[in-house]
Every structure is written in structure tokens, then in C-alpha cells.
């Protein structure tokens, strides 16, 4: 059964409210309606108006047109930059578009840690050997809580206080 735009908007508004994207008080203030009226709108007991749709969009930071889309369709309103990108991509040859899609799938749903690791590796590749060795030592220090004396010596890093004390004890004459 096909739902009307008003029904879609009411469902979207209720779903956003249930996810705490806005409060009834905030919507009442934004629209100038009584909170009891807002409550009836959210619970489908009163029709949704364009003013309410616009206010919910503003409160949630989304284009009000998205509230009218069928929830299962995944339809999103494009911002100007997205629309411009789409215009360019549509003009490309099919093979170029398909290559871009393959490239984008590689990074799609990439966990944040993987993205951070990839950026870190890019930075490390750009560094000179000495800088890279110090960066790796620092990362080991952060990860393991310290560097072994042999790693510190190999990297030319200053000795720790503990290492200096051990050396002074072994070199001190009885």
C-alpha cells in the first residue's frame, strides 16, 4: 500500500523524535505551536503541516524534503557540492564511472581505525629515514609504554634516567 507524503512525513518526524534528534519543546518553540499540538502531530493524531516539516528539518540539520521520502528508499537530498559532483560523474564514460565505483567501494565502510592507519602510513612514507625511525620509536613508546635500551641506542635517543643510573652504578669504582 502506497503511503501519502503526509504519512511519510509523520513517520519520519516520529522516528527522528524517538531517536531524540529534537524535543517536543524545541519543535513547539520553533513552530509557535502548543506542546500538546506537537505531541499530537508526532503521534499521528493531527496532520503534519509544511511549517512543522521545515522546523524539524532545521532542528535536525537535514533538508525537509528528506522527511517526505519513503524511509526504505534511501533517498537523500543532495547538497550543492554533491549535486555538482554528480553532474560531472554523469558526463564521464561508463568505464570511468565503473572504475570510480570500484575505487570508492575499496574505502566504503572503512572502520575509522583503518582510515587512521592508512593516513599514518602515508605520513611515514613521506618522511626521511631518521624522521621515520623516531616516529616509529614514538609510536612504540605510546603503544608499549617504553622503549628498550637497545632500540633507544639504535635510534640515537637520549638515555632514560633509569639507564643513566644503571650506567653510573656499573662504572662507579668501589
* To do: Of all residues in segment 53-63, count the ones that are under 22 Å from the mean Cα position of the chain (by Cα) and without any contact (Cβ under 8 Å) to a residue 24 or more places away in the chain.
  => 4
* Looking at (1) surrounded by 10 or more Cβ atoms within 10 Å (Cβ to Cβ); (2) modelled with pLDDT of 80 or more; (3) within 30 Å of residue 16 (Cβ to Cβ), which is the only condition residue 107 fails? -> (2)
* **Yes/no for residue 11 being without any contact (Cβ under 8 Å) to a residue 12 or more places away in the chain, within 16 Å of residue 68 (Cβ to Cβ) and surrounded by 13 or more Cβ atoms within 10 Å (Cβ to Cβ)** => no
* Asked: Is it fair to say residue 37 is buried (at least 16 other Cβ atoms within 10 Å of the Cβ), in contact (Cβ under 8 Å) with a residue 40 or more places away in the chain and touching a helix residue (DSSP H, G or I) at 6+ places or on another chain (Cβ under 8 Å)?
  -> no
* **Matching residues, segment 88-104, being surrounded by 10 or more Cβ atoms within 10 Å (Cβ to Cβ) and within 24 Å of residue 63 (Cα to Cα)** => 89
* To do: Answer yes or no as to whether residue 82 is within 20 Å of the chain's Cα centre (by Cα), more than 16 Å from residue 15 (Cα to Cα) and surrounded by 10 or more Cβ atoms within 10 Å (Cβ to Cβ).
  => yes
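The values are calculated or read from the model by the stated rules, or taken from the named source; none is laboratory data. Because the structure is predicted, anything quoted here is derived from the model rather than measured. Glycine also receives a Cβ, built like all others from the backbone with ideal geometry; neighbour counts cover every protein chain displayed.
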